[in-house]
Amino acid sequence: PMPPSPPPSPTSPVPPRAPSPARPSSPPPSPISIMKIAVFSAKPYDREYLSRARDGAYVSVELVFHDFALSRETVSLAKGAQAICVFVNDTLSEDVLEDLHNLDIHAILLRCAGFNHVDLKAADRLRIFVANVPSYSPEAVAEFALALIQTLNRKTHRAYNRVREGNFSLDGLLGKTLHGKTVGIVGVGKIGIALARILRGFGCKLIAHDPYPTDAFLEFGKYASLDELLPQCDFISLHCPLTESTRHIINDQSLAKIKKGAMLVNTSRGGLIHTKSAIAALKNQQLGGLALDVYEAEGQLFYQDHSGDIIQDDELMRLMTFPNVIVCGHQAFFTEEALTEIAECTLKNFSDFIQNMPCKNALVSLGSSLVRKDSVPVRI
Ligand code: NAD
């Protein structure tokens, strides 16, 4: 459930209201114009969970769903909304933000934690509020990373297909006992720590690399530099954000340093891995397995059904020919609990924004009044 509503702001464009469990699915007409959020990349599950959260929210808001992504071509469809709501593969480059600004849209609500796809500098310059959902069930992602480690290691993806063909041979399915193995976690924030907690239960030895170490990891293992971590680990799992300093952190040089045959799992962001280098390391068997939930060029493919298409991404298609590669379509977050949290937090961020309340999830916040282009002063 949503936390209690903050007190109404005197300048709030929409007064907060008590939640009504019996509220109809579309808000009743109101003399005050109802705020609108244009939701891009809206899948059926986004509609379901956001509508449910809206019905229990403290602000009246209309959700306008678009199943396509936000881009230069689609941005005009946001017209009439006060905010847009977007996901990981929507385009939030400077020119799209300029277009949003020209459409009088002052808020971007990210339904995700990562914000590497948002030009925050431009948003700040254009005075567009940006908020994310910094934590939605980190355990959901950590549990998926563990599922990938064990699928890759115990080859259940191959066993699944094999037995359906009536082939019960074990040849080629040999794995390693996870107990006693060394796992490297690159980035021990919320998800990395959740994974550490799980792996401790498996009896693994844990090493973390994080340029901002905290005491939280010390009960699970020790910190090391990336260069020290790489040669020691049987499995490496990436949980750092994608930034200019982490882009292609897994490249020819770093792959040359890993223990031969080590397995790599990426549930963070595709850009952390230089795909060509990973292909080369898989070919020469330096890399013993690769499980990806995210992929550098996923924006063109993920979250869509391309089963009848000729996929043009040769690197992805090459990756998928390896028996020791697993690719999933960015689903680590995808649990009922996480979708509920994402929807409720997104609407709470919007509620903070329209009531000019401090928003703890703001990446770009606006603390002052802003004069709209139509010259009506509004506080946002
Ligand atoms: P977080 O901010 O809590 O933790 C990130 C950690 O990475 C921090 O401790 C930070 O210090 C560390 N870090 C920063 N630079 C680093 C570097 N160069 N090397 C190593 N560590 C570094 O974030 P989180 O909630 O744990 O999420 C981690 C990432 O997971 C997000 O950035 C997001 O991209 C990704 N994610 C993916 C999914 C999915 O469905 N696949 C879902 C949620 C989040």
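Mind listing whichever residues of segment 221-260 are more than 14 Å from the ligand (Cβ to nearest atom), under 14 Å from GLY184 (Cα atoms) and small (Gly, Ala, Ser)? Correct list: GLY221 only. Listed conditions (1) in contact with a strand residue (DSSP E or B) (Cβ under 8 Å, 6 or more places away or on another chain); (2) assigned to a helix (DSSP H, G or I); (3) β-branched (Val, Ile, Thr) are all met by VAL59, apart from (2). Within segment 320-334, the set of residues being in contact (Cβ under 8 Å) with a residue 60 or more places away in the chain and either within 16 Å of the ligand (Cβ to nearest atom) or surrounded by fewer than 16 Cβ atoms within 10 Å (Cβ to Cβ) (or both) comprises PRO323, ILE326, CYS328, HIS330, GLN331, ALA332, PHE333, PHE334.
Just one of (1) within 16 Å of the ligand (Cβ to nearest atom); (2) modelled with pLDDT under 95; (3) not aromatic (Phe, Trp, Tyr) fails for ALA131. It is (2). SER93 meets each of the listed conditions (1) in contact (Cβ under 8 Å) with a residue 60 or more places away in the chain; (2) surrounded by fewer than 17 Cβ atoms within 10 Å (Cβ to Cβ) apart from (1). Considering PRO231, PRO211, the condition of being over 25 Å from the mean Cα position of the chain (by Cα) and either within 26 Å of HIS274 (Cβ to Cβ) or assigned to a strand (DSSP E or B) (or both) is satisfied by PRO231 alone. Number of residues in segment 332-367 that are in a helix (DSSP H, G or I) and among the β-branched types (Val, Ile, Thr): the value is 4.
Of all residues in segment 160-191, those satisfying the criterion of being in contact with a helix residue (DSSP H, G or I) (Cβ under 6 Å, 6 or more places away or on another chain), β-branched (Val, Ile, Thr), assigned to a strand (DSSP E or B) and within 16 Å of the ligand (Cβ to nearest atom) are VAL183, ILE185. When HIS157 is tested against the conditions (1) farther than 28 Å from ALA256 by Cβ; (2) away from the ligand (no atom under 12 Å from the Cβ), the lone failure is (1).
Within segment 279-307, residues that are closer than 16 Å to LEU238 by Cβ sit with their Cβ atoms under 6 Å from residues that are among the basic types (Lys, Arg), at 6+ positions apart or across chains, in these pairs: VAL294/ARG269.
Report, by residue number, each residue of segment 309-366 that is of a type in the set (Phe, Trp, Tyr) and within 18 Å of the chain's Cα centre (by Cα).
PHE333, PHE334
Yes/no matrix, rows are residues, columns are (1) at negative phi; (2) within 19 Å of the chain's Cα centre (by Cα):
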{"residue": "SER60", "(1), (2)": "yes, no"}
{"residue": "ALA69", "(1), (2)": "yes, yes"}
{"residue": "ASP99", "(1), (2)": "yes, no"}
{"residue": "ALA113", "(1), (2)": "yes, yes"}
{"residue": "ASN116", "(1), (2)": "yes, yes"}
{"residue": "ARG127", "(1), (2)": "no, no"}
{"residue": "VAL130", "(1), (2)": "yes, yes"}
{"residue": "PHE144", "(1), (2)": "yes, yes"}
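The values are calculated or read from the model by the stated rules, or taken from the named source; none is laboratory data. Bear in mind that the values here come from a model prediction, so they are computed numbers and not experimental data. Cβ coordinates were reconstructed from backbone atoms using ideal geometry, including for glycine residues, and neighbour counts include every protein chain displayed.
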